[in-house]
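Since every read-out is calculated from the coordinates, none of them should be taken as a lab result. Quick caveat: nothing in here was measured; it's all calculated off a predicted structure. Every residue, glycine among them, receives a Cβ derived from its backbone with ideal geometry; neighbour counts consider all protein chains shown.
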Amino acid sequence: MFTPKSPLFALALVAGTISAFAQSDVKEERINAAFLLALGRRPAPSELSQWQGQATGDVASLVAALDRTLDAATSREVAVRAAADAFGQEPSAAELAGGAEGGGDYTARMKAHLQSLAADRAAYAQVVRRAYQLVLGRDPYEVETKYWQDKPVVSFVLLAGCLENWARRNQPGLMVTAGTPTVSAHCRWLSTATLSPAVAAEARSAGGLQPDGNSNLAAAVGRNVVAVGGGAVASNGGIAFVAAGRPPD
């Protein structure tokens, strides 16, 4: 029997405290991931506190619960956010309507938008141009447009993140974009939440966002970006994180 003065009692108390903190951290990871997947944004502090007090289950359960909160006003906010993140400009009525076919939440709308860009390479070239203008202040060279056209389609915000990372790694004397598209969890253009491997796997499953190719090999080479279009993008440092676009400051 443990007593308050027993070393075993003290060890059990410390172990219990560590376990409680670990469970709290995992719950926060799940809530952050679910908000980014379902609504395209991180939770506000008040929302995080609210969901920490009531949320149970894995990331898929939380995404489903958030999807049930999508009223008309929230659905429009999500639609505008997804279209802006995908195309890099204020969305047109057609772009807003186009994402609706994929479902109501952010991830479903982003999937629909990227499918439309994959089918319209001229439109995708304009998305690439907007990303270069935003990050580098210039249009892409012809070889850079081809570089992106030859790869799986990614969203405007992931393009911006990859260009930011490439520019930082290649200063000074930038030439042309090359190498593996890579993005940082600390990218200024993204709202992100870092995840443990277990929660990252839950988030991928919840959003249907498996990396390209063998999943174990993909993780080994840093393909740990949990986002629509992120399957072929490497994470800087191999950090697993879920991402959506970051609102302008």
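Summary of computed values
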quantity: Packing rank of 139-148, 181-190, 111-120, where each peptide gets the mean count of other beta carbons within 10 Å, highest leading; calculated: 181-190, 111-120, 139-148
quantity: Difference of contour (0.36 nm per residue) and Cα-Cα distance, Met175 to Arg121; calculated: 17.0 nm
quantity: D (Stokes-Einstein, µm²/s), Kirkwood Cα radius, region 121-195, 0.890 mPa s at 25 °C; calculated: 195 µm²/s
quantity: Residues listed by number, region 181-205, amide nitrogen under 18 Å from Leu134 label point at 7 Å toward C-beta; calculated: 181-193
